[in-house]
Amino acid sequence: MTLFLLSLGLTLFGLGEALMIAAGFGVSPWLVLAEGMSQITGFSIGLTTFFISAMVLLLWIPLKQTPGLGTLLNALIIALVIDCSLPWLPSPQALFFMGLECLAGIVMVGFGSAIYLMAHLGPGPRDGLMTGLQRVTQYPIARVRTSIEIAVVMLGFFLGGTVGLGTLVFAFVIGPSVSAGLFVVSNLSSDDER
């Protein structure tokens, strides 16, 4: 059941990321980087996302972070779902529908995050980087996370990734989406136990 929850959460996360890409309204910080690198390498965004995850995992070594099964599946499943779902998703032309699709993607990423976090099978590559840097630097987690996200967006934008209104919306909506997802998932799991 735990592995199923992990896979479901990661699938929703990847589908949410793909919705943001298809919307063309701006993407999450790490997708900005993936898009930029994808334009340079010619690889698909999913494959580029996988390679970025692998590079981030290399940064875990000096931080003495230990990956779990969830860490490895995070890198693999999200990349696969992005590449497999993207060709089938609508790419609206009207600004309203672009924003709506982007918002749906952000909410889906939030709920997917909540589900895979409840599985407790290891943090995602980016989350482990954040917690490892926080432990080493002793800076507040919010400052570490914000610094990482800003650096990633700037690098991705420099490489040609898409920064748009959706990128800004992501910054404000992802936290509440994850919180709402955790609330729903924890209530569902407590109802199942009764």
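The values are calculated or read from the model by the stated rules, or taken from the named source; none is laboratory data. This is a predicted model, so every value here is computed, not measured. Cβ coordinates were reconstructed from backbone atoms using ideal geometry, including for glycine residues, and neighbour counts include every protein chain displayed. Side chains are part of the model used for accessible areas, which takes the heavy atoms of the whole protein and leaves out ligands, DNA and RNA. Shrake-Rupley method; radii C 1.70, N 1.55, O 1.52, S 1.80 Å.
Summary table below
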quantity	calculated
Flag for residue 103 being surrounded by fewer than 20 Cβ atoms within 10 Å (Cβ to Cβ), of a type in the set (A, V, I, L, M) and either closer than 24 Å to residue 176 by Cβ or touching a residue at least 12 places away in the same chain (Cβ under 8 Å) (or both)	yes
Close pairs (7 angstrom Cβ cut-off, 6 or more residues apart or separate chains): under 15 Å from residue 45 (Cα atoms) in the stretch 1-29, open to solvent by 30 Å² or more (accessible area, probe 1.4 Å) and polar (S, T, N, Q) anywhere	22/91; 24/91; 26/162; 27/162
From the options 174, 141, 150, residue that is more than 21 Å from residue 13 (Cβ to Cβ) and either open to solvent by less than 80 Å² (accessible area, probe 1.4 Å) or not small (Gly, Ala, Ser) (or both)	150
Selection from the stretch 26-51 of residues that are in contact with a Phe, Trp or Tyr (Cβ under 7 Å, 6 or more places away or on another chain) and either under 26 Å from residue 136 (Cα atoms) or surrounded by fewer than 17 Cβ atoms within 10 Å (Cβ to Cβ) (or both)	28
Yes/no for residue 123 being buried (at least 19 other Cβ atoms within 10 Å of the Cβ) and without any contact (Cβ under 8 Å) to a residue 60 or more places away in the chain	yes
Lone unmet requirement of (1) buried (at least 22 other Cβ atoms within 10 Å of the Cβ); (2) more than 21 Å from residue 171 (Cα to Cα) for residue 87	(1)
Out of 133, 188, sole residue that is open to solvent by 70 Å² or more (accessible area, probe 1.4 Å) and either of a type outside the set (A, V, I, L, M) or assigned to a helix (DSSP H, G or I) (or both)	188
When residues of the stretch 161-171 are limited to those that are among the small types (Gly, Ala, Ser) and open to solvent by less than 30 Å² (accessible area, probe 1.4 Å), the one nearest to the chain's Cα centre (by Cα)	166
Lone qualifier among 155, 168, 159, 182 - being under 17 Å from residue 104 (Cβ atoms) and in contact (Cβ under 8 Å) with a residue 40 or more places away in the chain	168
Any pair with Cβ under 7 angstrom, 6 or more apart, that starts in the stretch 79-99 at a residue that is of a type in the set (A, V, I, L, M) and ends at one that is part of a loop (DSSP other than H, G, I, E, B)	98/24; 98/25; 98/92
Meets criteria (crowded, with 20+ Cβ neighbours inside 10 Å, at pLDDT 95 or above and of a type in the set (Val, Ile, Thr)) for residue 115	no
Some residue of the stretch 109-118 being farther than 22 Å from residue 188 by Cβ and touching a residue at least 12 places away in the same chain (Cβ under 8 Å)	no
